[in-house]
Amino acid sequence: MNKLLGEVDPQIVAIAAKDLTRQQDSLMLIPSENYASRAVMEIQGSILANKYAEGYPGERYYNGCQFMDEAESLAIERAKALFGVEHVNVQPHAGSQANMAVYHALLEPGDTILAMSLSHGGHLTHGDNVNFSGRYYNIAAYGVDAETERIDMEVVARLAAEHRPKLIVVGATAYPRHFDFAAWRQVADSVGAYLLADIAHIAGLIAGGVHPDPVPYCDVITTTTHKTLRGPRGAMIMCKAEYADKIDRAVFPGLQGGPFLHTIAARAVAFKEASEPDFKIYQAQTVKNAKVLAARLIENGFRLVSGGTDNHLMLMDLTSKYEKLSGRQAADHLEDAGIIVNKNTIPFDKRKPRTTSGIRLGTPMITTRGMKEPEMVLVANFITEALENRQKSAIKRQIRERVKDLCSQFPIYEYLK
């Protein structure tokens with residue numbers, strides 16, 4: 001019972017050590033990933049993992065939860081203060097479950113949802129037919145304009161008037177532009193719909209003051225707590241007080257049993273970190289870095305969806321430069337060079353989702369490491385050189401060594417001290 005991990009399971013320790021090396025030596029550009037702090041990881045692996053605590057603070061179904069109540073209440077109060085919201089539920093295990101809980105709370109099966117198409121940047125839980133959302137609800141999808149590759153609010157308004165949704169979802173996993181939440185509120189009001197903002201990708205930007213705030217305009221807000229928020233993996237739901245009871249009942253007992261209090265405590269730590277002045281500086285730098293990276297990629301001959309970015313991510317259209325190169329192939333070639341991105345569909349993509357014509361990349365992780373504008377130019381040049389020489393293994397190995405050298409100047413070990 002009291003043995004250290006290395007004594008109990010050296011095999012899993014070896015696996016973790018190998019991934020630590022991978023993370024240290026690679027440019028991690030997947031925009032939905034980030035480095036949680038050592039403090040976050042420390043409490044997540046703490047004694048709090050031992051306790052069952054079904055229910056909510058003050059209303060548990062198990063005894064011995066007084067300190068669990070303290071931890072969860074602290075996470076709730078910190079989240080409310082960070083985002084300026086009336087009610088928070090910090091129990092959802094993942095973003096998909098958070099969205100499911102909102103649908104469960106506000107809708108009946110068969111009700112209509114207006115949400116962003118997966119192929120244009122939306123999430124699976126926004127109505128894709130392979131997901132619960134597409135199976136149990138009537139989905140009307142909006143996308144981006146074919147020319148601007150941005151959401152056209154006049155089109156959204158027309159779709160809302162045509163389909164009369166009970167719920168409108170504003171949010172995406174691969175949309176590089178700001179959301180005008182006030183405009184979305186007008187559309188929702190025009191048809192009497194609830195307005196849900198899924199801010200899983202941009203929560204940290206919002207908390208850092210570098211993205212428009214959904215709180216004044218949305219009935220409910222869901223988010224993950226990792227990504228740009230830089231906390232542990234998990235999710236939460238924020239809402240107006242009038243929806244609190246419905247949301248809480250939908251999470252428990254509607255969809256989940258016991259919450260993960262060790263992770264909720266880690267969220268409390270992350271919310272405290274996000275309330276510090278350094279966090280605003282970090283978020284501003286994340287956006288600055290994204291803009292510089294995007295500009296350099298464009299200079300190097302790549303076409304970016306919508307022509308650039310307003311946030312932390314960008315979508316590269318590979319067909320503009322390499323007609324036969326798929327996103328899947330490009331991601332693999334870049335990994336050979338020590339650069340980690342993910343394949344991603346682009347709007348009106350002619351390839352299948354498992355292949356894609358684009359890649360998605362972002363700056364949260366490399367900004368956490370301390371990289372700034374000069375490094376973004378280097379990163380863009382590494383990407384360009386690796387793709388130009390994708391069939392030349394020796395050159396990709398050389399780039400990998402240069403990437404490793406750059407990464408050594410920004411050690412994640414320092415961040416995790």
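The values are calculated or read from the model by the stated rules, or taken from the named source; none is laboratory data. These numbers come from a predicted model, not from an experiment. Cβ placement follows ideal geometry from the backbone for every residue including glycine, while neighbour counts extend to all protein chains displayed.
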| note | Scanning region 30-74 residue by residue, those in contact with a strand residue (DSSP E or B) (Cβ under 6 Å, 6 or more places away or on another chain) and without any contact (Cβ under 8 Å) to a residue 24 or more places away in the chain turn out to be Y61
| field | Number of the condition not met by C407 [criteria: (1) at pLDDT 95 or above; (2) exposed (fewer than 15 other Cβ atoms within 10 Å of the Cβ); (3) of a type outside the set (S, T, Y)] | value | (2)
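Inside region 180-240, counting only strands (runs of 3 or more DSSP E) that do not spill past its ends, which hold 2 or more residues that are surrounded by fewer than 24 Cβ atoms within 10 Å (Cβ to Cβ), without any contact (Cβ under 8 Å) to a residue 40 or more places away in the chain and of a type outside the set (G, A, S)?
Output list is empty.
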| Check on I383, buried (at least 16 other Cβ atoms within 10 Å of the Cβ), over 18 Å from the mean Cα position of the chain (by Cα), at pLDDT 95 or above and in a helix (DSSP H, G or I) | yes
| Out of region 110-132, which residues are small (G, A, S), farther than 13 Å from P165 by Cβ and without any contact (Cβ under 8 Å) to a residue 60 or more places away in the chain? | S117, G122
| note | P259 vs (1) under 19 Å from H87 (Cβ atoms); (2) part of a helix (DSSP H, G or I); (3) not β-branched (V, I, T): all pass except (2)
| field | Subset of region 1-38 [more than 30 Å from D310 (Cα to Cα) and under 22 Å from the mean Cα position of the chain (by Cα)] | value | D19, L20
| Any residue at all in region 277-285 that is under 21 Å from the mean Cα position of the chain (by Cα), closer than 24 Å to H211 by Cβ and of a type in the set (K, R)? | yes
| Any residue at all in region 261-271 that is hydroxyl-bearing (S, T, Y) and in the same structural domain as L229 (by TED's automatic domain parsing)? | yes
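Could you tell me how many of the residues in region 1-37 are assigned to a loop (DSSP other than H, G, I, E, B), among the polar types (S, T, N, Q) and within 20 Å of I412 (Cβ to Cβ)?
4
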| How many residues, within region 251-295, are farther than 30 Å from L378 by Cβ, surrounded by 19 or more Cβ atoms within 10 Å (Cβ to Cβ) and among the hydroxyl-bearing types (S, T, Y)? | 1
